[in-house]
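The values are calculated or read from the model by the stated rules, or taken from the named source; none is laboratory data. Not measured: the values here are computed from a predicted model. FYI the Cβ positions are ideal-geometry reconstructions off the backbone, even for glycines, and counts take in every protein chain you see. Areas reflect the complete protein model, heavy atoms only, side chains present, ligands, DNA and RNA absent. Shrake-Rupley method; radii C 1.70, N 1.55, O 1.52, S 1.80 Å.
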Amino acid sequence: MAPHRAQRTMLVVAGNAPPTAAAPPPERDHTQDLPDEILSLVFASLTPTDRNACSLTCARWKEVDASTRHRLSLDARAALGYAAQGIFARFTAVTKLALRCARGSGTDSLSDDGARQVAAALPSERLARLKLRGLRQLSDDGLASLAGATPVIRKLSVASCSFGPKAFVAVLRSCPLLEDLSVKRLRGLPDTAGAATAITEEILFPPASSLRSVCLKDLYSALCFVPLVASSPNLRSLKILRCSGSWDLPLEVIAARAPGLVELHLEKLQVGDRGLSAVSACANLEVLFLVKTPECTDAGIISVAEKCHKLRKLHIDGWRTNRIGDHGLMAVARGCPDLQELVLIGVNPTVQSLRMLGEHCRSLERLALCGCETVGDPEIICLAERCAALKKLCIKGCPVSDRGMGALNRGCPSLVKVKLKRCRGVSYECIENLKVVRGGTFSISLDIVLERDAGGAIENGGQEAGQVQITELTDQMAAMDLPTNATNAQSSAQASSRMRSVMSALRRRFGNPPAL
């Protein structure tokens, strides 16, 4: 019977056509006619996993893959040193190398002896990027060996390693072309608590005239890297993220010795208005991120706005401290006419500052207002009237309603995308109306708080999340199989009673679900 059923199924799918025999295999492999250059372009478009599989197809594919592979990621265990010579003899075109060791294998990671063996086998004349991850057994000497074998490297990224800042002295000496340096979660850092007044004398770094970008992240004693940053007169981008220590004095030192900064990111730092005043000396600053820096106030923002007239992007996460508001934003409007992107999180602007931003910042194209308690309908109406160049608008957790959003029907002529989240006063009818009125390529979305986002639901209104939960519970109950025999009738009645009690409690806590 099984073959008969299979035949009937095949006939139905084929539209009652007679079954056809499988096509015979080709007489020859036409991929062999592809030139090596075309084959290498095909390989370049594949993911690393697919490319590895293709290299095992035949000897020719393996050879083409090895001779044209520019990016290589290796498991940097202790045994890598013995295999390095054969690996780099096969992959001769590598320009980007990553040495990674899994988190649970730190004790078995590449050591200083293995690093010397790898350094001896590296294609030193071509390697431009090097990434080190989780090399817990590598010391300052091991990093010095790798740096000495990569004289033309331009980008170095290290994370979760155990060497200290002195290792980077050898890096700067051996890699004169280094442009991008990223240091994250190092374990071999000394404690510099209380040494902020002598940060420039601790380690003598050689001048790094080619260094353009530095990122310091999740470092317990990042202050010991300040002399390195200060030794980079041509530095353009600096990111200091979640690093301990007081940063007002270090920023003064950095701004004095690297006045050409264009991009600055400060996140979860102990920095105040004194540090921002020092940053204001960087007249070419175009991008400034202030994320969860509670000691910064309007005074610091004003000092930056008065001197950094080229500012294009400004992100401020005020952490709901209410220390940055209208006064700082009005100074930005007056001093930064080229502002194109403004993101305010936990900051409370009003019509007063938003009106000035719309009037003075004629190039403002992207605006995000998140968790701003003072942004309501009057503020959105003001934006609709004043921000003619606005293209993208994001509003999250603000007390706006249909009245304010309706103003976008006749304002912001350049607007193409709006994203709303946790705005309980805005209805779906208003959203649909905006889509119809603006038409064209205009896009708008309204997201309801998800029940799994517990923190956001508590902070921005639990009633909306409760309504979603009640609706989903109702749908689940409707799909339940009810017992049909008399034996289970009593238990079913008890279960229904308990469920009604739960539903009643939810309604008392969150209110009734919205009408469908």
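The single condition from (1) assigned to a helix (DSSP H, G or I); (2) open to solvent by 50 Å² or more (accessible area, probe 1.4 Å); (3) over 20 Å from residue 436 (Cβ atoms) that residue 383 fails is (2). Applying the condition of being among the hydroxyl-bearing types (Ser, Thr, Tyr) and over 21 Å from residue 135 (Cβ atoms) to the stretch 55-95 and asking which residue is farthest from the chain's Cα centre (by Cα) yields 57. Within the stretch 398-445, being open to solvent by less than 50 Å² (accessible area, probe 1.4 Å) and modelled with pLDDT under 90 holds for one residue alone: 439.
Given the options 42, 64, 118, name the one that is out of contact with any helix residue (DSSP H, G or I) (no Cβ under 8 Å at 6 or more places or on another chain), at pLDDT 85 or above and β-branched (Val, Ile, Thr). Break it down stepwise before answering.
Values: 64 fails: out of contact with any helix residue (DSSP H, G or I) (no Cβ under 8 Å at 6 or more places or on another chain); 118 fails: out of contact with any helix residue (DSSP H, G or I) (no Cβ under 8 Å at 6 or more places or on another chain).
The match here is 42.
Does any residue of the stretch 188-202 turn out to be assigned to a loop (DSSP other than H, G, I, E, B), open to solvent by 30 Å² or more (accessible area, probe 1.4 Å) and at pLDDT 85 or above? No, every residue in the stretch 188-202 fails to be assigned to a loop (DSSP other than H, G, I, E, B), open to solvent by 30 Å² or more (accessible area, probe 1.4 Å) and at pLDDT 85 or above.
Collect the residues in the stretch 279-308 that are in a loop (DSSP other than H, G, I, E, B) and under 21 Å from residue 233 (Cα atoms), keeping them in residue-number order.
Passing the criteria: 280, 281, 282, 283, 284, 285, 286, 308.
From the residues in the stretch 111-151 that are more than 18 Å from residue 179 (Cβ to Cβ) and among the hydroxyl-bearing types (Ser, Thr, Tyr), which one is surrounded by the most Cβ atoms within 10 Å (Cβ to Cβ)? Looking at the filtered set, the residue picked out is 145.
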